[in-house]
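I have placed the structure first, in the form of structure tokens, so that the comments after it can refer back to it.
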There are 2 protein chains.
Amino acid sequence: MTVLHRLLVAITPPWWSRYRLEFVGNDIIAGLIVALMLIPQGLAYATLAGMPPQYGLYASLLPVVFYALLGSSSVMSVGPVAITSLLSASALTPLALADSNEYVLAAALLAFLSGAFLLAAGLLRLGALAQLLSHPVVTGFITGAAILIIISQLKPLLGVSASGDNTLVVVIHLVAALPQTNLLAASIGVTGLFLLLFSRKNTVPLLLRAGVSPNLARTLQRLVPMLLLLSGAALVFVGKWQDDLQVIGALPSGIPSFALPELHADWFQELWFPALIIGLLGFVESISIAQSFAQQKREPLDANAELRALGAANIGSALAGGFPVTGGFSRTLVNAEAGAHSPLSGVFSAGFVLLALWFATELFAFLPITLLAATIISAAIQLVNASAFTHAWRYDRAEGGAMLGTALGVILFGVEVGIGTGVALSIITLVWRTSRPHIAIVGRVPDTEHFRNVARHQVVTDPRVLMIRIDESLFFGNAESVYAEITLALGRYGKAQHLVLIMSSVSHIDVTALEMLLHLDETLRPQGITLHLAEVKGPVADKLKESALPARLEGEVFLTTYQAFQKLTTTSVQP
Amino acid sequence: MTVLHRLLVAITPPWWSRYRLEFVGNDIIAGLIVALMLIPQGLAYATLAGMPPQYGLYASLLPVVFYALLGSSSVMSVGPVAITSLLSASALTPLALADSNEYVLAAALLAFLSGAFLLAAGLLRLGALAQLLSHPVVTGFITGAAILIIISQLKPLLGVSASGDNTLVVVIHLVAALPQTNLLAASIGVTGLFLLLFSRKNTVPLLLRAGVSPNLARTLQRLVPMLLLLSGAALVFVGKWQDDLQVIGALPSGIPSFALPELHADWFQELWFPALIIGLLGFVESISIAQSFAQQKREPLDANAELRALGAANIGSALAGGFPVTGGFSRTLVNAEAGAHSPLSGVFSAGFVLLALWFATELFAFLPITLLAATIISAAIQLVNASAFTHAWRYDRAEGGAMLGTALGVILFGVEVGIGTGVALSIITLVWRTSRPHIAIVGRVPDTEHFRNVARHQVVTDPRVLMIRIDESLFFGNAESVYAEITLALGRYGKAQHLVLIMSSVSHIDVTALEMLLHLDETLRPQGITLHLAEVKGPVADKLKESALPARLEGEVFLTTYQAFQKLTTTSVQP
């Protein structure tokens, strides 16, 4: 391999080496289909994020290209999505008025910061970070955010205005404002929403029954949102209703000017934390999509490459003045089903969006806002996951509670409080659970070398040798409880001369627990009880050698429980 | 037992039934010795808390009485201590000027809130809360706080003034102010400090060598601080130096007026969180003292009773206008060594403090502040624990780091940031550790039913049956890593037809991990690999029955690894 060749390999994207020329046709078709979906979604999610609609298209150009260069998933479609748009609106609203010039500039800074965090995390190989959020918390968050989105979009859907500091107030204002419903907007919006919801399950079967080929039927189904928007615009144009309901209005034609966002110090202070949250949640959403498709296609997936690619995608969105983006589930699904072979399909879809920006902006001038709201609501409804809650609740009350708490936190107090509540609940549950470890007094299963819980099995014990199995790693959160449980057990086995702690489930002993063991040894000695350990795992034993324990322990460290039982029962004094 | 008798038992303190009349003499003597120590400490810690000195004595009256009624330790001495005084100053300084009327009122509110939290926690039986702080974090916190205390007391010791937003600035100002040192104050203070430090180790041996009886020698040593303060006051009086250095000045004689603190809404908002922290840290400090003495004396100790007693003690301090209090180590030690038999000794010491307030306040008028600073510094020096850091660091880098981070956080950014850093570091360490669980491919120890790590032992394996032992509970923080490790292992054992996960160390499987297992099963099936479980613990098995796993799992759940190995090696297809 020449140096030039090596250099080319280093700078070409990971999927490039697997690419073949015959894939291009498929990628162009998939790109077109995704673009026809991306345009209505982009316009809609921009309004959800509080941005002028065209910025949803700006945010759909560079991100896909940058993702194609760095990402490891061949079908991922990066762009504006519902959740990050909602998060962006929540971060930007305190800073400036929606649609204002400052708001747009702050949105670009938010995308840039979010991208910078993701890129840095990828370079630092922090891909494992996504593990910090438990599934119930993520599901609860998404459900809560989806409900928030639906509530926020009822206003444009019905053509009413309602505002308030928190969701309850907004809902009350909304109900109070119902008599002011714009009947024209509401009829168009609600009809559109029903068509979208109806088409999702029924378009393909209906077309199949009409004799359309399955592939064409699926493609046509994906064009429903675009067709709906165009028909809505045509309807408004024909009916001359543009003054009777809110329309998008004339969009500036052509491409945006590319520039680094301005860094205001006071904005930075307000936006760095939301940017971190948006980056983290966007990554969690995107990586779980990428994982499920990678498994279907049996492709390798590199979490750190995904972090870098998403980071670059967000910086790309910021360069065009856009807002935060991430991988979107429905678009990725469409991209995969349309036969995309590589991220090149994304580059083609960006090209089609660009063409639309140049030549088709007039098409959207008469587009009624209520139909964008219908598009968003129909997407958000899919995100509400009630069955996940019943499953989690049935399996584990604490986790069901964490999921519900997260969802309610998001709905009632906003996305940041919600996610904070969820993470805190997850960690508290974890500490709580490990703080009350299961410990079992064990005895020998007759005529074997196995030892089992005396409470669950018929086993042989010796009153002089108390054997306790500790079923959890020992750490500061449970050292005290374990000590108390051991003391309790010793109280019940008053004749014990030896205490054997079976460490087969103990993977780690921290400093606090180590001090507890030393202390236990000290208090047992004057009572004539010797402390022994058994089945200490390799890594734990290696570490204990560094501590004061081996020197100070009077008893032995046995390899197996059986050896301890054999030796101690034969050497114990008869009571 | 009559109803009256039962009622009496219910309202008498726990130690009362063990009390005998002959203990009274001992308790009175111990009470006097503790009072002679409590008076200088009370005056000193009040100045550390930013309060007028007499409030240290007010805070030494009701707390001991209330603790005596509710507490379970017979020797605990409750009153002002260095750490909570520092914490109080840090909470109150933003609200009002030290020594001002508002400051004193806010301090009483702080003590009241702290007491209310403790009392509520005790009634809710949250005694296990103390476990949330690991030993390294507590040790790091105390060391950091002690260094902060020493730095803060160098100013009154040298008679200079220096201030600043953070410790580094204070130290720089302090160094810059050194030329303005009040030489008279500094000579008295530094001499006093050396005498205190010297006397701690040398008074008893010197007196013994002089033929004094051991008991008397120990008692005399305890009187050194009081004697030092009185000599200092006498020196200032004789030398007429009261205008040349800072003295306490005339203290109001008599007892304080008892009243509930005023509850200002804005103070409440500022103080509830510091009150919670002060309560928690005070409880951690106090319970660890109580534990060590209870073990020495083989007395039962009830953490929830301690919570209630400390809560009542703080409310008692607040009633007299005092500031937060907790159990003090040195006074408790002196109380125990002086032969105290019950908390009644504390009641007697409160009586002696009351006598001093009535008849001896003039004694303190000429007391130089520099000697109070010397008293505080000599106590704080004992709290600095560098060897604990080396021990922790040698055993575990992460825990040594958490300890150092806590100490540095306290010193550089204040007590609240410090304790927050410590708790966050503990929890991150915990999640991090469990997020990278040890998993081992195991094989059979020849001719036994035991299975051990193939990397550490000579064992028999079958290429068709891959057996993996998971050495940690499965939860959201490690589900992804375990999945990745299993995939990696399957890659190396390409001929595997069966995968057995040995769950002997798995005490809990959360929803995220359960989904991971289901997902693993789904991806293995099309590859012709069957997933089995073995040695699932009772509580885990009980819970799994509630989930979708048993219905969807194609493989079996074996009782022992041996049974799995026997059955699968005989039924596997020859490759």
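No lab work stands behind these numbers, since they all come straight from the coordinates. These numbers were taken from a predicted model, which means no experiment stands behind them. Ideal geometry is used to build each Cβ from the backbone, glycine not excepted, and the neighbour counts take in all protein chains shown.
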Signed unit charges on C-beta, dipole axis of the protein assembly as shown, positive-most listed residue A:Leu474, B:Val212, A:Thr461: A:Thr461
Run the quick spin-label model on B:Asn166 and B:Ile381: label points 7 Å from Cα toward the beta carbon, then report their separation in nm to one decimal. 2.9
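With +1 assigned to the C-beta of every Lys and Arg and -1 to the C-beta of every Asp and Glu, and no other charges, what is the dipole magnitude of the range B:431-575 about the Cα centre in debye, to the nearest 20? Walk me through the numbers before you get to the answer.
Details: 15 positive and 16 negative charges, 76 e Å.
That gives the range B:431-575 a dipole magnitude of about 360 debye.
Among A:Glu306, A:Glu554, A:Glu416, what is the fewest-to-most ranking by other Cβ atoms within 10 Å?
Details: A:Glu306 27, A:Glu554 12, A:Glu416 16.
The order, fewest Cβ neighbours first, is A:Glu554, A:Glu416, A:Glu306.
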Which aspartates and glutamates does A:Lys240 reach when only Cα atoms under 16 Å apart count, and residues fewer than 8 places away in its own chain are ignored? A:Glu362
Calculate for the protein assembly as shown the 222 nm mean residue ellipticity that helices alone would give, adding -39,500 (n - 2.57) per DSSP H run of length 4 or more and normalising by residue count, nearest 500 deg cm²/dmol. -20500 deg cm²/dmol
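Calculate the FRET efficiency for A:Leu355 and B:Trp272 from the Cβ-Cβ distance with a Förster distance of 60 Å, rounded to the nearest 0.05. Don't jump to the answer; show the numbers that get you there.
Working: r = 60 Å, r/R0 = 1.00.
It comes out at approximately 0.50.
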Dimensionless Rg ratio for the range A:439-571, taking C-alpha atoms and the 2.2 N^0.38 Å reference: 0.97
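Using a 10 Å cut-off around each Cβ, can you sort A:Met226, B:Met51 from fewest to most neighbouring Cβ atoms? Intermediate values should be presented prior to the final figure.
Values: A:Met226 18, B:Met51 27.
Lowest to highest Cβ neighbour count: A:Met226, B:Met51.
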Per the Kirkwood definition applied to all pairs of different Cα atoms, how many angstroms is the hydrodynamic radius of the protein assembly as shown? 34.3
Charge sum, other residues only, whose C-beta stays under 13 Å from B:Leu110's C-beta, Lys/Arg counted +1 and Asp/Glu -1: -3
To the nearest 10 degrees, the tilt of helix B:479-492 (Cα long axis) against the first principal axis of the alpha carbons of chain B is 40
Let me know the shape class of the range A:524-575, please: from the alpha-carbon gyration tensor, a ≥ b ≥ c as square roots of the eigenvalues, rounded when a/c is under 1.5, otherwise prolate if a/b is greater than b/c, or oblate. oblate
Entries in A:Lys495/B:Lys567; A:Lys567/B:Lys537; B:Lys543/B:Lys567; A:Lys543/B:Lys495; A:Lys543/B:Lys201 that, when Cα-Cα distance is taken, lie over 32 Å: A:Lys495/B:Lys567; A:Lys543/B:Lys495; A:Lys543/B:Lys201
Sorted by chain and number, the residues with a modelled amide H under 5 Å from that of A:Thr326, at a separation of 5 or more or across chains, are A:Gly79, A:Val81
Sorted by Cβ neighbour density within 10 Å, fewest at the top, the residues A:Asp165, A:Asp462: A:Asp165, A:Asp462
Other residues with Cβ under 12 Å from the Cβ of A:Gln382 give, with Lys and Arg +1 and Asp and Glu -1, a net charge of +2
Positive end of the charge dipole of chain A (Lys, Arg +1 and Asp, Glu -1 on Cβ, about the Cα centre): tell me which of A:Ala305, A:Ala320, A:His450 has its Cα farthest that way. A:His450
PRE reach from B:Ala365 (point 7 Å along Cα→Cβ): which of the range B:212-251 fall under 19 Å by backbone N? B:229-251
For the protein assembly as shown, size of Cβ-based charge dipole, Lys and Arg +1, Asp and Glu -1, in debye: 2380
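Just to confirm the filter: which trypsin sites (Lys or Arg not before Pro) across the range A:458-508 are DSSP coil and have at most 14 other Cβ within 10 angstrom of their Cβ?
Values: sites: A:Arg464, A:Arg469, A:Arg492, A:Lys495; in loops: A:Arg464, A:Lys495.
Filter output for the range A:458-508: A:Lys495.
According to the square roots a ≥ b ≥ c of the eigenvalues of the Cα gyration tensor, what is the shape class of the range A:303-366, taking rounded for a/c under 1.5, prolate for a/b larger than b/c otherwise, and oblate for the remainder?
It comes out oblate by the Cα gyration axes.
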Counted charge near B:Ser330, where neighbours are those whose Cβ lies closer than 11 Å (Asp, Glu -1; Lys, Arg +1): +2
What ratio of Cα Rg to 2.2 N^0.38 Å holds for the range A:337-429? 1.66
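Of all GluC sites (Glu not before Pro) in the range A:499-549, which ones are in loop regions per DSSP and have a Cβ with at most 16 other Cβ atoms within 10 Å?
A:Glu546
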Above 13 Å lies some portion of the pair distances; for the range A:150-194, what is it as a whole percent of all C-alpha pairs? 50
Given a cut-off of under 8 Å on Cα pairs at least six residues apart, what relative contact order in percent is computed for chain A? 23
If you line up the long axis of helix B:303-319 against the longest principal axis of chain B, both from Cα atoms, how many degrees apart are they, to the nearest 10? 30
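Roughly what % of Cα-Cα distances in the range A:3-426 sit above 28 Å, to the whole percent? Please list the in-between numbers first.
On the way: 42404 of 89676 pairs.
Here the tail beyond 28 Å accounts for 47 percent of pairs.
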Spin-label pair B:Asn215/B:Asp243, simplified geometry with 7 Å Cα→Cβ offset, distance in nm: 5.1
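With only Lys, Arg, Asp and Glu charged, each at its Cβ (+1 for the first two, -1 for the last two), find how big the charge dipole of the range A:3-426 is about the Cα centre; round to the nearest 20 debye.
Numbers: 17 positive and 19 negative charges, 253 e Å.
That gives the range A:3-426 a dipole magnitude of about 1220 debye.
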